[in-house]
Structures are given as C-alpha cells and as structure tokens.
Amino acid sequence: MSEIDDKALEAYIKAAAAALGVPIEDAWMPSIRANLAVSLRLANIVADFELPDESEPAPVFEA
Amino acid sequence: MEAWSTAAEIAEAVAQGRTSAIAVTEAALARIKERNGVLNAFTAVTAERALAKARAVDAARAAGRPLGPLAGVPFAVKNLFDVAGLPTLAGSKINRTRAAATVDAPLITRLESAGAVLLGALNMGEYAYDFTGENVHDGPSRNPHDTGRMTGGSSGGSGGSVAGGLVPIALGSDTNGSIRVPSSFCGLFGLKPTYGRLTRARTFPFVASLDHLGPLARSARDLALAYDAMQGPDVEDPVCTTRLPEPALPTLGKGIGELRIAVAGGYFERGAGPEVIQAMSLVSQELKANDIIELPEVARARAAAFVITTSEGGALHLDRLRTRAGDFDPATRDRLIAGAMVPASLVTKAQKFRRWYRAQVLQLFERYDAILAPATPMTAPKLGQQTMMLDGAEVPLRANIGIYTQPISFIGLPVVCVPLPLRPLPIGVQVIAAPWREDIALRIAHHLERAQVAQAPRPPL
C-alpha cells in the first residue's frame, strides 16, 4: 500500500478525533501525525504479508 | 548483611539466626534514605509495613515456625502493582487521584507468603509506554552505573533499585521489553516469563495481549527463588495459566550438558553496536552455541507488536484522552491518540500474523532448547538523549531501544536477560526458551554466572 500524504493524514486524524470524541489541539497535530504515520507504515508491512482467509487471530476467547 | 547480599544469602542468614529480618529491613530503609535522592527509584516507601512484616518473620523464627524461602528478603514493585494503602500510579499524574488500593496484587502476597518484605513502590515510565525510565511527573530513574544515564524502561525504578543495592529483588512488567531493557542497561538478571505464567491481577494494564510481569535481581538464583514463589493459577487473570507450578530452582544447577543452543542472526546482527557484538561473542563461546539461525519474518513481528501495542494502549486510555489529555506526558498522549486511530482492520491483521509467526518460531524449538539474542542495540543512553545511530543512520531513540526484545515478547516466549559486566557500562543478552521452559533459560543464566561470563556488576556508588 502506498503511504498516505501529510494532508490526507491530517484530515483523517481530524475526522477520527471527532468520531472518537477526543479533542485535539493544533499544536499536537505534528506529533500525532508522525506517530500515526509510523504505525500505519508498520501496520501495512504486516498487512502486506499474505495469510489464508482461514487464519485465526492470536487471542482465543473461551466461553 | 550488606547492600550486595543476594536474596538467597539474606534468607539463609535469617533462617540460621545470623541476622534478623528487622536488621535487614532497617539497613535497606537506611540505604533507600541515603541513595534514593540520587537514584529516584522509589516513589513510595512503605517503612511501617516493612518493619511490621520483618518483626513477624523474626517472631515466627523465635517461635520455631518454618520460614519461607525468602524470609526477611527486602523487595519492591513497579508502581503499577496494587499496594494496599497506595494509589496505583502506573507512572502517571492522572492516577494520583485514584482511591488507594485496598488489597495487594497477588504477586506481592505470594512473595510475602514466602517471607519477603515489601519496601515500597518504584518509579516507571508513564503508563508503561516507555523504554527509557524517564518520567516527566516524578523525574527520571537514574542508572546507578552512571547517574547521568537512563535506567531503561519502563521498569526504570525496578532496574535502579536493584542495581543500586537498595533491594535484592524488584518486580517489573514487560510488554515489549520493559523488564529486559532495564536489566540490560543496569546490568541485572531479569526474567520475563512465558505469557500467562504469572498472574497479572491487580496491576495496572497496558496491552492485555502482551503484558507480562516478572522479577529483576542480581543473580539467576534470586530470579528462580522469586519466580518459584510467584507461580500458580489465579482465576482473577483470565490469561493466567491453569498449569501447576513448575519450580525452576531444583534444576538450576544442572548445567548445560545436553542443551542445544543457537544464536539468532540476521535481524539481530543489524544495528548491533560493538558492545553488543562483544557480549554475544562471550556468551555464545561459553555456551558453545555455534549455529546461527534466523527467526522468520522477524521485522514484521516487531512491526505487528508495535501496532498491537499502540492500538490496545490507545483503547485503554481513550476516556482519559477525552477528558484529561492535558495531564498526560505530551509524548505519551500523542502516541496514545495516534494509537486509538489505527484502523481495526490492520490490528486484526497483526493478530493473525502473530499466530502464524508463533507457529513458525515454535518449529525452531524442535531443534533447539534455547536461542540467544542481544537485549538492546546499545548500552545505557544519556538522560534526555533523543536519537541514536542504527545501521549508520540517525534514528529516534525511544522507539528503537526495543527492536531486539519486541519480536520475542510478541509471542510470549520466556526470556532471562543476563548481564555482561563490560566496561564502562554493562549490557544484556537474551536467553530465550520455548514456552513454559523458564527452567531452561534460568539454568543457562546460572551456568553463565558460575562461569563468570554473566555478572551483575557493582556500580561506583
């Protein structure tokens, strides 16, 4: 997956903050953006690894 | 007894009447008073409680009642453990307004049942989202080997208190390396047991998928003593195993005769500083570990641990981010807000990858009993340091301290971090075993200690 640009990521952060009800100040944006950019880059490295549809996530819930 | 006595030596001396629990406790309290101003390891000292417990141990001996294996041994806990009478800070400002805990965490109860004496609660990185041991609210934990340097974190006070000779045993938590990193930077033995081995009940969580608790000490025997006393099922932690305790102490001195030990190469060689290379060479030579193996997709494993951590951390703190964002360390706050925004689809992928990776790594343990890997890419950085050199490039320090520990805790493997007493600063090596084989990792650590390859060095205090 290609990397998201700063402007698009800031728009996503503003929308997600509203959806989550987390008020964020403008001064926090560069740091939040930098952190989220790293997380998304790493998450996509993981997601690019092909696994079968049937693969189970690690946590197992016992009823 | 003196500051550098091990827990085993203290317990033996108390049992034999060569000293008393009260004398040991008073001496430890005096050392805390003298050194904590510099080390900043303790955030609360439970002196009255400790003296009462010590008197009870001495009374038991006087009455001829049997003493536990940790009789009169002082210990302390990272301040995310519930300690009756104290608010459970977890390194935060926000938790200071919580009601005091009314009941101790079960691991404290279990150590005290073995005769140990709780001396207090220890400094840590805010909400355990930290590898440095720095804390904006309480000030940094300071490394006893060089007080201008980091202890490592997030169990920073746990590292500083044991390396600084305040207590012989401290408990910490390890989600991505928070026991092993301070063990490496402070020159200590640290045990991160198998995921689910020790109950996490009544401790403040960070990442439910990855949180572990365990001891730090100045000898492998002391780790085994504390670990054995803390094992056992607990219905209050849904992750805690129902396996019966499997004590490590009986086989500690068995040596390494038949054990097959390999060295993790590839990813674990990249970015390794000269001290890391020297430490790995000393340990692998002593253990005659000649096979170099590669853990499959290990960089992706580290990435997946990072993603699960930030996401679960963000979810845990969502309400506090909504209402008290200004009371967090700004750096923690921004990591947690970003974590709360990672799409669930990507987090689920990371959890699926985790099961795949586990299956692959477990295959390696069909051929080997233990795998060696460095614990940290460097010795203790300076307090306040922001960047480091890795593979010839300047990269942010915080996120990269844990590159060698994260892929291991990601699948809950038991690890003993052993200290190499290099100069001017110590550094750790991870001895990694198959799930539920803490006994093997401890045996190897004990062997390295007897061979004087691994040793917890005394700092110049």
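The values are calculated or read from the model by the stated rules, or taken from the named source; none is laboratory data. Just so we're clear, the structure is a prediction, and the values are computed from it rather than from any experiment. All Cβ positions, even for glycine, are placed from backbone atoms using ideal geometry, and neighbour counts span all protein chains on display. With ligands, DNA and RNA removed, areas are computed over all heavy atoms of the protein, side chains included. Shrake-Rupley method; radii C 1.70, N 1.55, O 1.52, S 1.80 Å.
In the set A:11, A:27, which member is outside any loop (DSSP other than H, G, I, E, B), open to solvent by 60 Å² or more (accessible area, probe 1.4 Å) and more than 7 Å from every other protein chain (Cβ to nearest Cβ)?
Values: A:11 fails: open to solvent by 60 Å² or more (accessible area, probe 1.4 Å).
Going through A:11, A:27 in turn, just one is outside any loop (DSSP other than H, G, I, E, B), open to solvent by 60 Å² or more (accessible area, probe 1.4 Å) and more than 7 Å from every other protein chain (Cβ to nearest Cβ): A:27.
Enumerate the strands (runs of 3 or more DSSP E) found wholly within segment B:135-201, keeping only those where 3 or more residues are surrounded by fewer than 24 Cβ atoms within 10 Å (Cβ to Cβ).
In segment B:135-201, B:146-150 are the strands (runs of 3 or more DSSP E) which contain 3 or more residues that are surrounded by fewer than 24 Cβ atoms within 10 Å (Cβ to Cβ).
Only residues that are crowded, with 20+ Cβ neighbours inside 10 Å and at pLDDT 95 or above: list them for segment B:269-283, please.
Of everything in segment B:269-283, those that are crowded, with 20+ Cβ neighbours inside 10 Å and at pLDDT 95 or above turn out to be B:275, B:276, B:279, B:280, B:283.
Report yes if residue B:243 is more than 14 Å from chain A (Cβ to nearest Cβ), under 19 Å from residue B:402 (Cβ atoms) and surrounded by fewer than 20 Cβ atoms within 10 Å (Cβ to Cβ), otherwise no.
When the stated conditions are applied, residue B:243 does not pass them.
Please go through segment B:246-268 and give me each residue that is crowded, with 18+ Cβ neighbours inside 10 Å and hydroxyl-bearing (Ser, Thr, Tyr), ordered by number.
B:267
Condition test on residue B:84, is it out of contact with any Gly (no Cβ under 8 Å at 6 or more places or on another chain) and under 30 Å from residue B:324 (Cβ atoms)?
On the way: out of contact with any Gly (no Cβ under 8 Å at 6 or more places or on another chain): yes; under 30 Å from residue B:324 (Cβ atoms): yes.
Yes; evaluated as a whole, the condition is true for this residue.
Name the residues in segment B:373-403 that are in a strand (DSSP E or B), touching a residue at least 40 places away in the same chain (Cβ under 8 Å) and open to solvent by less than 40 Å² (accessible area, probe 1.4 Å), would you?
If the condition is that a residue be in a strand (DSSP E or B), touching a residue at least 40 places away in the same chain (Cβ under 8 Å) and open to solvent by less than 40 Å² (accessible area, probe 1.4 Å), then B:373, B:374, B:390 are the ones that fit.
Tally the residues that are within 7 Å of another protein chain (Cβ to nearest Cβ) and outside any helix (DSSP H, G or I), restricting the search to segment A:30-50.
Going through segment A:30-50 one residue at a time, the tally reaches 1.
Read through the list (1) within 13 Å of chain A (Cβ to nearest Cβ); (2) more than 16 Å from the chain's Cα centre (by Cα), then give the number of the only condition that residue B:410 fails.
(2)
Just for helices (runs of 4 or more DSSP H) wholly inside segment B:270-367: which have at least 1 residues that are within 14 Å of another protein chain (Cβ to nearest Cβ) and either in contact (Cβ under 8 Å) with a residue 40 or more places away in the chain or aliphatic (A, V, I, L, M) (or both)?
Details: elements: B:274-286, B:298-316, B:318-323, B:330-340, B:344-367.
Per the criteria, B:298-316, B:318-323, B:330-340, B:344-367.
Taking segment B:210-269, which residues are hydrophobic (A, V, I, L, M, F, W, C) and part of a helix (DSSP H, G or I)?
B:220, B:223, B:224, B:225, B:226, B:229, B:230, B:249, B:252, B:268
Can you name every residue in segment B:1-60 that is polar (S, T, N, Q), in a helix (DSSP H, G or I) and open to solvent by 10 Å² or more (accessible area, probe 1.4 Å)?
Those that are polar (S, T, N, Q), in a helix (DSSP H, G or I) and open to solvent by 10 Å² or more (accessible area, probe 1.4 Å): B:16, B:36.
Given the criteria touching a Ser or Thr at 6+ places or on another chain (Cβ under 7 Å) and at the interface with chain B (Cβ under 7 Å from one of its Cβ atoms), does residue A:55 qualify?
Considered against the rule, which asks whether it is touching a Ser or Thr at 6+ places or on another chain (Cβ under 7 Å) and at the interface with chain B (Cβ under 7 Å from one of its Cβ atoms), residue A:55 comes out as no.
Residues in segment B:163-173: is at least one modelled with pLDDT of 95 or more and in contact with a Cys (Cβ under 8 Å, 6 or more places away or on another chain)?
Among the residues of segment B:163-173, at least one is modelled with pLDDT of 95 or more and in contact with a Cys (Cβ under 8 Å, 6 or more places away or on another chain), which makes the answer yes.
Does residue B:265 satisfy being more than 9 Å from every other protein chain (Cβ to nearest Cβ), more than 20 Å from residue A:50 (Cβ to Cβ), out of contact with any Phe, Trp or Tyr (no Cβ under 7 Å at 6 or more places or on another chain) and without any contact (Cβ under 8 Å) to a residue 60 or more places away in the chain? Step through it out loud before you land on a result.
Details: more than 9 Å from every other protein chain (Cβ to nearest Cβ): yes; more than 20 Å from residue A:50 (Cβ to Cβ): yes; out of contact with any Phe, Trp or Tyr (no Cβ under 7 Å at 6 or more places or on another chain): yes; without any contact (Cβ under 8 Å) to a residue 60 or more places away in the chain: yes.
For residue B:265, the condition - more than 9 Å from every other protein chain (Cβ to nearest Cβ), more than 20 Å from residue A:50 (Cβ to Cβ), out of contact with any Phe, Trp or Tyr (no Cβ under 7 Å at 6 or more places or on another chain) and without any contact (Cβ under 8 Å) to a residue 60 or more places away in the chain - is met.
Taking the residues in segment B:73-84 that are assigned to a loop (DSSP other than H, G, I, E, B) and more than 11 Å from residue B:118 (Cβ to Cβ) as candidates, determine which candidate is most open to solvent (accessible area, probe 1.4 Å).
Here the answer is B:82.
Taking segment B:110-168, which residues are over 17 Å from the mean Cα position of the chain (by Cα) and of a type in the set (Gly, Ala, Ser)?
B:113, B:114, B:115, B:116, B:139, B:148
All but one of (1) part of a helix (DSSP H, G or I); (2) without any contact (Cβ under 8 Å) to a residue 40 or more places away in the chain; (3) closer than 17 Å to residue B:271 by Cβ hold for residue B:407; state the number of the condition that does not hold.
(2)
When you look at residue B:368, is it aromatic (Phe, Trp, Tyr), over 17 Å from residue B:305 (Cα atoms) and crowded, with 18+ Cβ neighbours inside 10 Å, yes or no?
It is true that residue B:368 is aromatic (Phe, Trp, Tyr), over 17 Å from residue B:305 (Cα atoms) and crowded, with 18+ Cβ neighbours inside 10 Å.
Within segment B:85-113, track down each residue that is part of a loop (DSSP other than H, G, I, E, B) and open to solvent by 10 Å² or more (accessible area, probe 1.4 Å).
B:85, B:86, B:87, B:89, B:93, B:98, B:99, B:100, B:101, B:102, B:103, B:104
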